[in-house]
1. Can you report the number of residues in segment 137-164 which are over 24 Å from A73 (Cβ atoms), in a strand (DSSP E or B) and either aromatic (F, W, Y) or within 19 Å of the chain's Cα centre (by Cα) (or both)?
2. Quick check: is even one residue across segment 34-47 in contact with a Leu (Cβ under 8 Å, 6 or more places away or on another chain), more than 17 Å from T233 (Cα to Cα) and either basic (K, R) or at pLDDT 95 or above (or both)?
3. What number goes with the only condition from (1) farther than 16 Å from I81 by Cβ; (2) touching a Lys or Arg at 6+ places or on another chain (Cβ under 9 Å) that P36 does not pass?
4. Looking at (1) crowded, with 22+ Cβ neighbours inside 10 Å; (2) modelled with pLDDT under 95, which one does D95 not meet, given that it meets all the others?
5. Among (1) under 19 Å from G13 (Cα atoms); (2) crowded, with 20+ Cβ neighbours inside 10 Å; (3) at pLDDT below 95; (4) not aromatic (F, W, Y), where does A210 come up short?
6. Return yes or no: is D70 free of Cβ contacts under 8 Å to residues at least 40 places away in the same chain, of a type in the set (D, E) and under 16 Å from G228 (Cα atoms)?
7. Which of the numbered conditions does E104 fail, given that it passes all the others? Conditions: (1) in contact with a Pro (Cβ under 9 Å, 6 or more places away or on another chain); (2) charged (D, E, K, R); (3) assigned by TED's automatic domain parsing to the domain that holds L155.
8. Taking segment 200-239 on its own, how many of its residues are under 22 Å from Y119 (Cα atoms) and among the polar types (S, T, N, Q)?
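The values are calculated or read from the model by the stated rules, or taken from the named source; none is laboratory data. This structure is a prediction, so every number in the text was calculated from the model and none was measured. Backbone-built Cβ (ideal geometry, glycine too); neighbour counts: all protein chains shown.
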Amino acid sequence: MTQFALIGHPLAGSGSPALFYRAYNGKWPYELVDEPDFEVAWKRFLKDYKAINISAPFKEKAFKKVDFADDSARAVGAVNIAVKTAKGIKGYNSDYSGVRKVLENRGFGKNSTAVVAGYGGAGKAAYAAAKSLGMNTVVCNRTHKVLRNSVYSTLPLEDLPMLAAKVDVLIYTLPVGLKPTQEGQPESFGLHCPVILEANYKTPSMQSSATKEYISGREWLLEQAKAGYRLMTGETPNL
């Protein structure tokens, strides 16, 4: 039985196999299950693998499938790591663990302030992680959504520049930058914050908006990989 895999769709260009190989020097095989049907992909997991990474768009579906979930998965309402145990399948959310570690490493915590841009999978993980550190956190999103485990809702995305200027850190999880102004200014024009953590590391757009520090999503990726691979294998990855 092959031990580990990543399920999701599409997975073309995924860096996970190379990162997993690097983490354990090729000790275990790691496969890609690029399958648009979640049920088919999940059956592959049950049949062939000890533990899996779960990519978009399957994370919320996986949360409903696992037998039990840890605090991180329950806080986000999504699972991106599923592990077979003697008591059943356990779900975790290493997106949450990764962003929490990035924030913690820089001393953010109680009395710190944050605004999260976007409330998809990464945005939900960022919001839950920031709140778990005691940070005063709000979320701006293109569409109105009620925040998980909260009486509050997202704020309009138009409020983001004003809020970003007032907080300690902006966690930017939108896949693209803000729309350019009519004058043709860059997408990030008018948006500034002391520290910006941008989830999108492949085509980032917020570097020029950070007045003190810009944190690449690669750091978030690395921290979530460390947490996730340790859960999957039981061994500390060499990352």
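1. Qualifying residue count for the region: 1.
2. Applying the first criterion (in contact with a Leu (Cβ under 8 Å, 6 or more places away or on another chain)) to segment 34-47 yields 34.
Imposing the further condition that a residue be more than 17 Å from T233 (Cα to Cα) reduces the set to 34.
Next, from what is left, pick out any that are either basic (K, R) or at pLDDT 95 or above (or both): 34.
Looking through segment 34-47, at least one residue is in contact with a Leu (Cβ under 8 Å, 6 or more places away or on another chain), more than 17 Å from T233 (Cα to Cα) and either basic (K, R) or at pLDDT 95 or above (or both).
3. So the condition that P36 fails would be (2).
4. (2)
5. (1)
6. Yes.
7. If we test E104 against (1) in contact with a Pro (Cβ under 9 Å, 6 or more places away or on another chain); (2) charged (D, E, K, R); (3) assigned by TED's automatic domain parsing to the domain that holds L155, just (1) comes out false.
8. Matching residues across segment 200-239 total 7.
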